[in-house]
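Below is one structure, written out as structure tokens; the observations come after it.
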Amino acid sequence: MARASRRSSSLERAASTARTRTGRILAGVAGWSYADWAGIVYPSRRSRDFHELTYLAEYFDAVEINTSFYQPLRPKLAEQWLKLVAGNPRFTFTAKLWQRFTHEPGATADDERAVREGFAPLVSAGKLSAVLLQFPHSFHNTPENVVLLKDRLGRFADYALVVEVRHSSWNQDEFYALLKEHDAGFCNLDQPLIGRAMAPSEHVTSEIGYIRMHGRRYDTWFSDDPALPRHERYNYLYGPEELAGWVPRIRKVAQQARTTFVISNNHFQGKSAVNALQLMSLLREAKIRLPDPLRQHYPSLEAIADAPAEEPTLFSNPPR
């Protein structure tokens, strides 16, 4: 009896430890191929074999693939990406699901096949850690949309799914229960709080925790001005206090998830990379390695640099 009691007490202590243990947290950026990152995130002068993805993998352990939202990946391209990040064995990808399944009606079996073929090399390599179903703000919680969501969750159930909804009509216990039932993660958001926008949260509905930082450009988020460049929606640099406010939320998510992704989407002129690195430093409570071009463009990063900037070389940014 005493032995059973001791075993029970030991299991309770182990369960308590498991509940408080923090899972892996990976801070990264959404996308990497932006013309306005040249000379800011990436060096202006580059060696012949330079590749943006290889460069990012020196500083981040995760990147969210954006191009898969606009069209299915080409398998050969996915295979090339795997080779480009091979120097960082910790590196992994997340990817958006093709918008045909989240923004458009009439997705076909051929569409699904194309998506699966594009993801296949990443899956085979164990490097596709999550697939994000990003729904638009106009996707409200209605009976019809619940049916559509259930279809997508069932159709792609063999992936580690994460659902992003931006309208607060989804902030219901039944919705979170649905995600848990399908072992799908919930994407916690930082976005302009306009109308019935989803507010910042710390929900976890699967082994994958997910947070996306969109920026807080209230003046451009829902703008229909055709003269406004698209990138202005994401032209926002979070300040130290705004980032610090997310640290306890991220840690709470990580205590309930095996792996937590914190993806910065405020990409204009490399602001997402700046904020992702700052969050990484805050979460680690340590200074970190930084890309020289980025720290030259954003001097505030010097506060978290773990070493002086490298001397300029033939393939680095010239001093400013």
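Summary table below
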quantity	calculated
Cβ crowding within 10 Å averaged over residues, with 148-155, 254-261 ranked highest first	254-261, 148-155
Inter-label distance, nm, simple model (7 Å from Cα along the C-beta direction), Glu58/Ala38	1.9 nm
Carbon/sulfur fraction of accessible area - the chain, other protein chains in place, 1.4 Å, %	52 percent
Under 23 Å, Cα to Cα: Lys pairs in the chain, sequence gap 8 or more or different chains	12
Within the chain, percent of DSSP bridges classed antiparallel, to nearest 5	5 percent
Sequence of Ile25, Ile208 from largest to smallest accessible area, 1.4 Å probe	Ile25, Ile208
Surface per residue (accessible, 1.4 Å probe) for the chain, Å²	49 Å²
Shape category assigned to segment 209-320 from the gyration tensor of Cα positions, a/c cut at 1.5	oblate
Helix-derived mean residue ellipticity, 222 nm - over the chain, DSSP H n ≥ 4, -39500 (n - 2.57), to 500	-10000 deg cm²/dmol
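The values are calculated or read from the model by the stated rules, or taken from the named source; none is laboratory data. Note that this is a predicted model, so its numbers are computed, not measured. FYI the Cβ positions are ideal-geometry reconstructions off the backbone, even for glycines, and counts take in every protein chain you see. Please note that ligands, DNA and RNA were not included when accessible areas were found on the heavy atoms of the full protein model with its side chains. Shrake-Rupley method; radii C 1.70, N 1.55, O 1.52, S 1.80 Å.
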